[in-house]
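Report on one structure; see the data block that follows.
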């Protein structure tokens, strides 16, 4: 299985396949091997990372374009997981919403003792 994954990564690098497409293939391989339960952590608001906040010098705060990309990825991941759940018998998953979790802590730090 490791050799198959290395081949997929090599092909991905050459053909510029999206990370979600690659994830679908990997999940399919794992499902065929008997895996049924999966856990995922969504992307955080990437524009709020210190390095990207530093790029937003004129406005301060989070770099919204990067956060929008993370949110688009999270929405696409949710759709992919829903589709896999509907197609594969016994497929179960948990998708933790880290984007909103961290965003709430950034927007409301006093609610968390900061």
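Points worth noting:
For every residue, the table says whether it meets (1) part of a loop (DSSP other than H, G, I, E, B); (2) in contact with a strand residue (DSSP E or B) (Cβ under 9 Å, 6 or more places away or on another chain); (3) at pLDDT 95 or above.
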residue: 55; (1), (2), (3): yes, no, no
residue: 59; (1), (2), (3): yes, no, no
residue: 73; (1), (2), (3): no, no, no
residue: 80; (1), (2), (3): no, no, no
residue: 84; (1), (2), (3): no, yes, no
residue: 94; (1), (2), (3): no, yes, yes
residue: 105; (1), (2), (3): no, no, no
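- Test: residue in segment 86-95 that is under 30 Å from residue 60 (Cα atoms) and surrounded by 14 or more Cβ atoms within 10 Å (Cβ to Cβ): no
- Filtered residues of segment 85-114 (kept if under 22 Å from residue 49 (Cβ atoms), under 17 Å from the mean Cα position of the chain (by Cα) and touching a residue at least 12 places away in the same chain (Cβ under 8 Å)): 95, 96, 97, 98, 99, 102, 103
- Selection from segment 33-53 of residues that are in contact (Cβ under 8 Å) with a residue 40 or more places away in the chain and assigned to a loop (DSSP other than H, G, I, E, B): 36, 42, 43, 44, 45
- Residues in segment 57-83 that are touching a helix residue (DSSP H, G or I) at 6+ places or on another chain (Cβ under 9 Å), surrounded by fewer than 13 Cβ atoms within 10 Å (Cβ to Cβ) and closer than 13 Å to residue 99 by Cα: 0 in all.
- Residue 47 more than 21 Å from residue 25 (Cα to Cα) and modelled with pLDDT under 90: no
The values are calculated or read from the model by the stated rules, or taken from the named source; none is laboratory data. Just so you know, these numbers come straight off a predicted model, no measurement behind them. Don't worry about glycine lacking a Cβ; one is built from the backbone with ideal geometry, like all the others, and counts go over all protein chains shown.
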